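I have placed the structure first, in the form of structure tokens, so that the comments after it can refer back to it.
The values are calculated or read from the model by the stated rules, or taken from the named source; none is laboratory data. Computed from a predicted model, the values in this text were never measured in an experiment. In this analysis, Cβ positions are derived from the backbone assuming ideal geometry, glycine residues included, and neighbour counts consider all displayed protein chains.
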Amino acid sequence: MSVPFIDLKRFEEGIIEHYTNKVKELTQNTHFIGGKEVEQFEETLKNDNNVLYAIGCANGTDAIQLALRACGIGPGDKVLLPDLTFWATFEAIVNVGAEPITIDIDLEDLQMDFFLFQEAIEKFKPKAAILVHLYGWTSQYIHEFRKYAQEKNIFLIEDGAQSYSVKINDESIYKNAFISTISFYPAKVFGAAGDAGAVLTNNKELAEKVRSLGNHGRELHYSHGAVGWNSRLGSLQAAYLNINFPFLKKRIQSRRTIAERYRNDLKNYNVHTAPGLISLEGKILKGSKTKIRIEENGYLNVILIEPEKREKLIEHLKKHEVGYGIVYPEPISEQKGAKPYLKHKLGGEKAKQITQSVINLPLFPYLTEQEYETIIKVMNSF
């Protein structure tokens, strides 16, 4: 049987009818911008992630740009980012006029290398850094990243586009971030019916700046205290997210179960995932006693395979009609569009190694038993 890489049509019973009725209601009342749907969604984000402020916006890329600008990042400011991430992270830095510096990754968790991060801060004196929580988990050094950035007065913006429902020691990954961003692109674990995003923070001043910048820099309706742009979250998108939220835990559990089954059933492959409970005592700084348990959200299956075998595996999957992805095929520093803007890079060999090795198998809520068994059979016959 054919198995898609992703299927966004696995709706729970009643979802389509509920949303259709909601669209009719909002259209009849011309409630398109702001209003109770957006207010309800922002309240849900605050409560679900235990943060004080949540500001909806047009998309995840805008969310990063809003966070950067709210932190005062602009022309001439240096900003660190991992060499392995989606293009939007780099793009947002360039679009605010700042100067991006890519940092290589840690092969243990595929996130930004903490020790190179320290080195880059000392060497380049950046004003900010974007820590990306890639693949639906995060760095084992997340606490150290936050602590070191604070000690060095670096604005640490956390790109959480792929990490909704990721837990650190049983708490939302966004809870203790200085400022974090979310994408609700339809393919995410919590997806909208189009583009949507949000910025989360516990800092009132930052929250007010983000809200103003995303609404033309408004202070009052026709009073503008800054030059912003239009990045408001629409009511129809908020309504769709509100309707889907009650089912999110069930979807996440379905994803986590599939991810765990892949780990157990594909032991001949390097199935990468979030680290479990680990102790970093003595590994960071003398006297450090950090303990951390990261629970992934099942966003993406990540398998690392020898580069010379990957193309053959792809042909094998195609032959048997099993979908796959390559997230991502190039490091940021080697993208054609990066060349005019990249200020510096630190390392990059490991990021390139991953881009030449990674392949992703289907992972989405309610993958059927027959579909799953087909995938495992095809993989085991390679």
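Observations, loosely collected:
- Residues in segment 203-248 that are within 22 Å of the chain's Cα centre (by Cα) and free of Cβ contacts under 8 Å to residues at least 40 places away in the same chain: Pro246 only.
- Among (1) part of a loop (DSSP other than H, G, I, E, B); (2) over 13 Å from the mean Cα position of the chain (by Cα) - the single one Glu122 does not satisfy: (1)
Yes/no matrix, rows are residues, columns are (1) surrounded by 14 or more Cβ atoms within 10 Å (Cβ to Cβ); (2) modelled with pLDDT under 95; (3) in a loop (DSSP other than H, G, I, E, B):
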site: Leu200; (1), (2), (3): yes, no, no
site: Leu206; (1), (2), (3): yes, no, no
site: Glu219; (1), (2), (3): no, yes, no
site: Arg255; (1), (2), (3): yes, no, no
site: Val271; (1), (2), (3): yes, yes, no
site: Glu281; (1), (2), (3): no, yes, yes
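- Matching residues, segment 315-342, being part of a helix (DSSP H, G or I), touching a residue at least 40 places away in the same chain (Cβ under 8 Å) and under 23 Å from the mean Cα position of the chain (by Cα): Ile332, Ser333, Gly337, Ala338
- Selection status of Lys345, modelled with pLDDT of 95 or more and either of a type in the set (Phe, Trp, Tyr) or outside any strand (DSSP E or B) (or both): no
- Test: residue in segment 44-59 that is polar (S, T, N, Q) and surrounded by fewer than 14 Cβ atoms within 10 Å (Cβ to Cβ): yes
- Subset of segment 72-93 (residues that are part of a loop (DSSP other than H, G, I, E, B) and of a type in the set (Ser, Thr, Tyr)): Thr85
Residue by residue, here is whether (1) touching a helix residue (DSSP H, G or I) at 6+ places or on another chain (Cβ under 6 Å); (2) touching a residue at least 12 places away in the same chain (Cβ under 8 Å) holds:
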residue	(1), (2)
Gly14	no, no
Thr20	no, no
Gly35	yes, yes
Glu39	no, no
Glu43	no, no
Asn47	no, no
Val79	yes, yes
Trp87	no, yes
Gly97	no, yes
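- Out of Leu26, Leu8, one residue alone is assigned to a helix (DSSP H, G or I) and aliphatic (A, V, I, L, M). It is Leu26.
- Test: residue in segment 19-26 that is at pLDDT 95 or above and on the phi > 0 side of the Ramachandran plot: no
- Within segment 361-375, one or more residues are out of contact with any helix residue (DSSP H, G or I) (no Cβ under 8 Å at 6 or more places or on another chain), free of Cβ contacts under 8 Å to residues at least 60 places away in the same chain and part of a helix (DSSP H, G or I).
- Pairs meeting the criteria (first residue in segment 133-160 and free of Cβ contacts under 8 Å to residues at least 60 places away in the same chain, second residue hydroxyl-bearing (Ser, Thr, Tyr) and buried (at least 19 other Cβ atoms within 10 Å of the Cβ), beta carbons under 7 Å, at least 6 apart or on different chains) are His133/Ser163; Leu134/Thr85; Phe145/Ser139; Glu158/Ser180; Gly160/Tyr174; Gly160/Ser180; Gly160/Thr181.
- Residues that are charged (D, E, K, R), over 16 Å from the mean Cα position of the chain (by Cα) and within 22 Å of Ala193 (Cα to Cα), drawn from segment 44-82: Lys46, Asp48
- Per this entry, Ile294 is counted among residues that are touching a Lys or Arg at 6+ places or on another chain (Cβ under 9 Å), surrounded by 17 or more Cβ atoms within 10 Å (Cβ to Cβ) and among the β-branched types (Val, Ile, Thr).
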